[in-house]
Amino acid sequence: MKKEVSDLVLYFLEHHSSTLTAVEEEMCRNKRSLQACIDDVNQYLIKENREAIRIDSKNGNITINESTREGLYYFLKHGVMADLNYIAPEMRESLLFIKLCITDGNPALQDLADLVQVSKNTALQDLKRIRDILSEKMIELNYTRKNGYSISGEEFKIRKLFIEEIKRVLAAQFGFSFLCRLGFLDKEDIFFLRRRLINMEKKLSIALTDEQIDDLPVVLYLLIQRMKHSNASWRAEFDLADMEQSNEIQTLKHMFWDSHLDDEDKTYLALQILSSNMLESVLAISSSNELSLAVRTTIDMVDTQLATNLLDKSELLNKILLHLRPAIYRIRFNLSIQNPLTEQFIAEFPAMFAIVSKSVYPIEKSIGASISKEELVYLAMIIQAWIYRTEERQEYAFRALVVCRNGTSVSKLLLETLKDMFSHIQFMGAYAERHFKEYEQEVDFIFSTVPLNTSKKTFIVKPFLNRAARSEIRNAIDKHINRNADKKAKELIYYLKEHINEGNYQIVHDKIVDFFNKSPKLKMESSTNSHLFPFKKEHILFLDETIHWRDALAYAIKPLLSRESITEGYSQKLYEIFERESDRMMLGPHVYLPHAQPSDGVNKQDFSILICRKQIQMPDSHFAKVIVVLAPSDYHLHVPTLLHLNELFLEEDSLNKIVSASSEEDALKFITEEKGGDQDE
């Protein structure tokens with residue numbers, strides 16, 4: 001799938017309605033290429049008997065209804081229209097290794113080259129790199145002219161690497177599609193394995209993440225192929241006797257009753273499932289008093305080093321034990337785990353990671369093995385989320401839920417971070433993508449790490465919210481609420497509720513909604529227009545090309561210098577400050593406000609508004625649609641005008657009108673008349 005098409009589909013899933021102009025600006029696309037992308041998507045929707053994306057020819061309004069949205073969701077999730085003809089080198093190497101692990105015979109060089117659609121010479125170079133990687137892991141890639149290519153070595157090590165490569169392919173874009181296209185998978189068998197996994201979830205009271213429900217059937221299917229096509233037996237690095245007799249292992253082994261595998265291989269498959277369970281479970285395995293005591297000691301050590309008094313330590317103990325039970329399988333069984341947030345978490349919370357790392361040795365002693373960095377980060381996330389917990393308020397303005405595919409540790413940390421950010425929003429909990437539909441109608445917003453098929457307002461967030469991401473989501477929430485009179489009224493009632501008689505809540509709410517729904521001119525009647533800066537055509541500039549932000553700023557500053565509103569010294573100071581603090585100098589989304597202090601060289605109050613036809617990348621790496629250069633004559637006179645512009649640019653429709661204005665006169669009209677300001681011709 002072309003990136004521009006997938007980006008457009010994602011945009012439509014996040015914005016249930018929009019306009020052509022808004023999409024053009026947001027996606028930085030011209031009308032012709034945008035229409036071509038929409039046509040491609042509509043062809044697919046019509047082919048799948050879905051309603052096409054509708055565009056009003058008069059005003060450019062775009063409508064996405066329920067049927068269309070479901071089609072777009074499937075389109076994005078399953079990589080429809082993906083270009084599978086080119087396979088990247090890293091992907092080729094993984095696919096070649098997987099092929100060598102599951103093939104009946106020993107394929108020749110030409111067979112392998114044909115598989116990944118490259119020349120024999122390119123395939124030979126790929127195989128040389130594979131041989132180097134395998135040799136480091138004590139595995140051999142063998143070749144003879146008569147027998148072709150084969151892999152040999154300890155089966156335990158081969159399977160371990162085999163699983164890692166399968167997961168690497170599945171983590172890549174359209175990885176599942178590549179595996180299907182090359183004939184590695186039987187979709188019907190994958191479907192039945194998935195159904196059996198879901199049944200085992202219920203039977204054993206365990207919970208797998210959405211990613212595991214998608215990926216585990218593929219891993220299990222390919223492992224079964226490896227076991228059938230290889231006569232080599234495997235031997236664990238520790239005694240499996242106790243594990244093999246557990247009810248959980250016996251139950252999971254029955255899942256493969258029709259696979260014709262021996263008992264040891266079924267045990268291996270069962271352990272793969274147990275070691276993948278990263279969500280809360282109620283397994284009785286590894287719940288010894290010794291482990292419980294070790295975890296309690298670790299918690300006490302963390303508590304002492306943080307100089308805190310952790311609440312509900314017994315509950316925290318149970319949380320950590322629930323996570324550790326499947327983790328012990330991974331650690332003892334030497335299975336790798338993918339934690340994509342490892343480095344990001346360590347960078348954001350280095351002290352927490354260091355403290356947890358120093359405090360886990362009682363647990364390591366209890367389980368007889370060292371805990372990997374990835375597992376340590378999951379433990380640190382659990383403790384960090386616990387510290388974030390605060391007493392919940394009894395009343396809220398809004399309700400929301402979190403959807404996260406990454407497991408309990410990540411989703412809980414995300415949930416607690418959002419709770420800490422938005423005290424006026426009641427969060428119902430964190431749910432898997434498979435389960436959120438049960439609670440969808442009870443909330444006002446959904447925060448999700450993945451696109452969802454839902455009519456509710458959804459905010460796409462990263463699994464881990466650093467400082468920049470937290471600022472971005474706050475702005476998105478404020479922007480959404482400010483555009484909705486009902487939500488603005490709810491928020492205002494929430495903050496004023498102690499001053500309003502409870503019986504009058506609805507009456508006051510309705511009155512506030514009526515007030516916010518008045519025309520823009522009525523809303524500004526109480527303000528004195530004479531306090532606003534008298535904008536003229538000379539204050540409006542257009543930029544029709546993509547240039548460096550410094551050049552764009554110079555273009556906007558030039559009229560201020562010509563009008564002798566500022567000195568060269570002010571101009572230089574402005575560059576210096578804006579380069580350092582551009583992320584704080586904003587009037588709205590994509591609207592920047594470069595300025596310095598009056599004492600830096602302002603002769604008189606002035607503005608210069610630069611409208612960017614093509615988005616300009618700012619020092620903070622974001623893009624500008626509008627740059628408003630300010631010359632404040634003192635600390636007060638410019639404030640009413642800034643408030644006016646801020647209100648104007650926060651409204652997406654108003655911003656789009658200004659950016660798409662055909663002339664200085666049109667832009668000036670929108671800037672002054674939209675909010676009742678004066679226009680001095």
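A few comments on the model shown:
- Close pairs from segment 100-116: first under 11 Å from residue 149 (Cα atoms), partner surrounded by fewer than 19 Cβ atoms within 10 Å (Cβ to Cβ) and among the small types (Gly, Ala, Ser), Cβ under 6 Å, at least 6 apart: 106/148; 106/150; 107/148; 108/148
- The set of residues in segment 36-67 being part of a helix (DSSP H, G or I), in contact (Cβ under 8 Å) with a residue 12 or more places away in the chain and not β-branched (Val, Ile, Thr) consists of 37, 40, 44, 45, 66, 67.
- Residue check for residue 394: at pLDDT below 80, polar (S, T, N, Q) and closer than 30 Å to residue 268 by Cα: no
- Residues that are part of a helix (DSSP H, G or I), over 34 Å from the mean Cα position of the chain (by Cα) and not charged (D, E, K, R) within segment 103-119 comprise 109, 110, 112, 113, listed in sequence order.
Yes/no matrix, rows are residues, columns are (1) over 30 Å from residue 477 (Cβ atoms); (2) in contact with a helix residue (DSSP H, G or I) (Cβ under 9 Å, 6 or more places away or on another chain); (3) crowded, with 21+ Cβ neighbours inside 10 Å; (4) outside the structural domain of residue 658 (by the TED database):
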{"position": "550", "(1), (2), (3), (4)": "yes, yes, no, no"}
{"position": "574", "(1), (2), (3), (4)": "yes, yes, yes, no"}
{"position": "589", "(1), (2), (3), (4)": "no, yes, no, no"}
{"position": "599", "(1), (2), (3), (4)": "yes, no, no, no"}
{"position": "608", "(1), (2), (3), (4)": "yes, yes, yes, no"}
{"position": "619", "(1), (2), (3), (4)": "no, yes, no, no"}
{"position": "625", "(1), (2), (3), (4)": "no, yes, yes, no"}
{"position": "633", "(1), (2), (3), (4)": "yes, yes, no, no"}
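- Taking segment 560-595 as the range and being over 18 Å from residue 638 (Cα atoms) and among the β-branched types (Val, Ile, Thr) as the test, the residues that pass are 567, 577.
- Qualifying residue in segment 118-128 (condition: polar (S, T, N, Q), touching a helix residue (DSSP H, G or I) at 6+ places or on another chain (Cβ under 7 Å) and crowded, with 19+ Cβ neighbours inside 10 Å): no
- Filter result (of a type in the set (D, E, K, R), within 25 Å of the chain's Cα centre (by Cα) and part of a helix (DSSP H, G or I)) within segment 22-35: 24, 25, 26
- Listed by first and then second residue, the pairs linking a residue in segment 127-146 that is within 16 Å of residue 161 (Cα to Cα) and among the polar types (S, T, N, Q) to a residue that is assigned to a strand (DSSP E or B) and at pLDDT 95 or above, with Cβ atoms under 7 Å apart and 6 or more places separating them unless they lie on different chains, form an empty list.
- Complete set of residues in segment 176-224 that are small (Gly, Ala, Ser) and assigned to a helix (DSSP H, G or I): 177
- Flag if residue 142 is more than 38 Å from the chain's Cα centre (by Cα) and either in a helix (DSSP H, G or I) or on the phi > 0 side of the Ramachandran plot (or both): no
- Output for segment 614-624, where each listed residue is closer than 24 Å to residue 602 by Cβ and either part of a loop (DSSP other than H, G, I, E, B) or at pLDDT below 90 (or both): 618, 619
- Residue pairs whose Cβ atoms lie under 7 Å apart, sitting 6 or more positions apart in sequence or on different chains, and linking a residue in segment 363-378 that is without any contact (Cβ under 8 Å) to a residue 40 or more places away in the chain to a partner that is among the small types (Gly, Ala, Ser), are 364/370; 376/357.
- Residue in segment 441-448 that is modelled with pLDDT under 85, assigned to a loop (DSSP other than H, G, I, E, B) and more than 25 Å from residue 345 (Cβ to Cβ) present: no
Residues are listed down the side, and each one gets a yes or a no for (1) part of a strand (DSSP E or B); (2) touching a residue at least 60 places away in the same chain (Cβ under 8 Å):
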| site | (1), (2) |
| --- | --- |
| 573 | no, no |
| 578 | no, no |
| 581 | no, no |
| 596 | no, no |
| 612 | yes, yes |
| 626 | yes, no |
| 642 | no, no |
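- Applying the condition of being closer than 19 Å to residue 11 by Cα and assigned to a helix (DSSP H, G or I) to segment 457-473 and asking which residue is modelled with the highest pLDDT yields 473.
- Qualifying residue in segment 141-159 (condition: closer than 20 Å to residue 88 by Cβ and surrounded by 17 or more Cβ atoms within 10 Å (Cβ to Cβ)): no
- Condition check for residue 490: at pLDDT 75 or above, of a type in the set (Lys, Arg) and in a loop (DSSP other than H, G, I, E, B): no
- Just one of the listed residues (292, 366) is surrounded by fewer than 20 Cβ atoms within 10 Å (Cβ to Cβ), at pLDDT 80 or above and part of a helix (DSSP H, G or I), and it is 292.
The values are calculated or read from the model by the stated rules, or taken from the named source; none is laboratory data. Remember, it's a predicted structure, so these values are computed and weren't measured experimentally. Note that we place each Cβ from the backbone using ideal geometry, even for glycine, and neighbour counts take in every protein chain shown.
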